[in-house]
1. Can you give me the number of residues within region 1-39 that are closer than 24 Å to F313 by Cα, among the small types (G, A, S) and either part of a loop (DSSP other than H, G, I, E, B) or within 22 Å of the chain's Cα centre (by Cα) (or both)?
2. Determine which member of the set H89, H110 is surrounded by fewer than 23 Cβ atoms within 10 Å (Cβ to Cβ) and under 16 Å from L65 (Cβ atoms).
3. For R94, state whether it is touching a helix residue (DSSP H, G or I) at 6+ places or on another chain (Cβ under 8 Å), among the basic types (K, R) and crowded, with 17+ Cβ neighbours inside 10 Å.
4. Counting only residues that are in contact with a His (Cβ under 9 Å, 6 or more places away or on another chain) and assigned to a helix (DSSP H, G or I), how many does region 168-212 have?
5. Among the candidates T322, T301, which residue alone is surrounded by fewer than 21 Cβ atoms within 10 Å (Cβ to Cβ) and either in contact with an Asp or Glu (Cβ under 6 Å, 6 or more places away or on another chain) or under 20 Å from L122 (Cα atoms) (or both)?
6. With G168, G175 as the choices, which residue is surrounded by fewer than 24 Cβ atoms within 10 Å (Cβ to Cβ) and closer than 16 Å to G241 by Cβ?
7. Go over the candidates N62, N42 one by one and state the one that is part of a loop (DSSP other than H, G, I, E, B) and in the same structural domain as G323 (by TED's automatic domain parsing).
Amino acid sequence: MTETALTVQQTARPAGFPTAGHFRFAESPVPEPAPGTALVENLYWSVDPYHREMMDGDFELNAPLEGRTLGRVVASRTPELPEGEIVFHRQGWRTHAVVRREEVRRLPHHAGVPLSAYLSVLGGTGLTAYVALTRIARLREGDDVFVSGAAGGVGTATGRFARLLGAGRLIGSAGSPEKVGYLTEQVGYDAAFDYHTAPVTDLLTASAPDGIDLFVDNVGGDHLGAAIGALRERGRVVRVGTISQYNTPDAPPVVFDHSDVVEKSLRIEGFLVSDHRDAQEELYDFAVPHLRSGALAPDETVVDGFELIVEAFLLMLRGGNTGKTLVRKA
């Protein structure tokens with residue numbers, strides 16, 4: 001354990017894309033745990049798109065940022081958190097955290113499962129994809145599924161889960177030819193397109209000429225408009241995120257034929273994964289056997305070194321990742 005603790009703090013509100021200048025690293029002595037708490041040295045940090053939304057007002061300036069994190073208990077003053085235990089908590093974007101028992105989740109010991117998976121396919125990312133498909137959309141075997149932002153963390157998990165759950169044709173959108181290739185060659189999508197190459201409506205029509213049953217939307221904007229037009233009768237839209245607008249608050253509103261929603265009996269529903277934490281064990285029961293068998297693989301972009309966490313975040317916002325973006329203790 002090092003003698004100095006580092007935290008990342010936001011110093012200003014961005015207008016559009018954030019830069020490294022909106023953050024700073026602050027040094028302090030490693031904290032001592034008080035009675036009833038434990039000191040955790042963090043090992044993995046989750047870098048998530050929702051952090052960009054939080055930067056607009058939810059994060060307090062000049063204070064340590066929060067985030068999903070895995071760490072090891074290195075000093076404890078509570079028997080509920082023994083030293084050496086690996087825990088999940090939300091005091092991320094710092095090298096060390098003092099936590100109470102109710103602020104952490106002790107990780108299960110699933111043999112053969114990499115630790116990073118508990119922040120990716122078994123973490124909030126995987127839980128979002130699983131809830132979207134099973135609880136919100138209620139995926140039916142044979143459903144044809146379109147996923148926007150399909151090469152990101154939630155998008156890759158959605159594609160892999162949908163395939164395991166018996167989906168029919170899988171179509172994904174991504175931001176580069178390399179990501180398109182990754183989706184069809186590695187993740188299991190039947191078709192994918194680079195949304196930069198033509199209007200999304202035209203690209204989706206070419207990829208799914210007979211329409212779709214379900215749209216899992218991480219992007220919003222023209223992807224949402226195109227999908228509503230392509231949905232068949234009683235189709236479903238699951239709204240997960242709106243990354244197309246995180247850095248462009250003045251983006252024009254989504255344009256689609258509102259009569260489609262009525263005439264095709266469509267259902268559009270959004271959700272917060274924080275309202276479905278009771279599905280965590282259900283996710284483990286579903287995904288862990290597939291991870292052990294090799295039928296399911298985590299999709300991760302891993303950056304080594306806490307000092308690169310801001311760079312990793314900015315890279316993710318500009319689409320430089322494939323799958324879940326994680327930072328690993330060097």
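1. Residues that pass the stated criteria total 4.
2. Among H89, H110, only H89 is surrounded by fewer than 23 Cβ atoms within 10 Å (Cβ to Cβ) and under 16 Å from L65 (Cβ atoms).
3. no
4. 2
5. Being surrounded by fewer than 21 Cβ atoms within 10 Å (Cβ to Cβ) and either in contact with an Asp or Glu (Cβ under 6 Å, 6 or more places away or on another chain) or under 20 Å from L122 (Cα atoms) (or both) holds for just one of T322, T301, which is T301.
6. G175
7. N62
To keep it simple, each residue is scored yes or no on (1) at pLDDT 95 or above; (2) outside the structural domain of A26 (by TED's automatic domain parsing).
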| position | (1), (2) |
| --- | --- |
| E233 | yes, yes |
| T242 | no, yes |
| A251 | no, yes |
| V254 | no, yes |
| I268 | yes, yes |
| Y284 | yes, yes |
| L291 | yes, yes |
| I309 | yes, no |
| N321 | no, no |
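The values are calculated or read from the model by the stated rules, or taken from the named source; none is laboratory data. None of these values were measured; they are calculated from a predicted model. We place every Cβ from the backbone using ideal geometry, glycine too, and count neighbours over all the protein chains shown.
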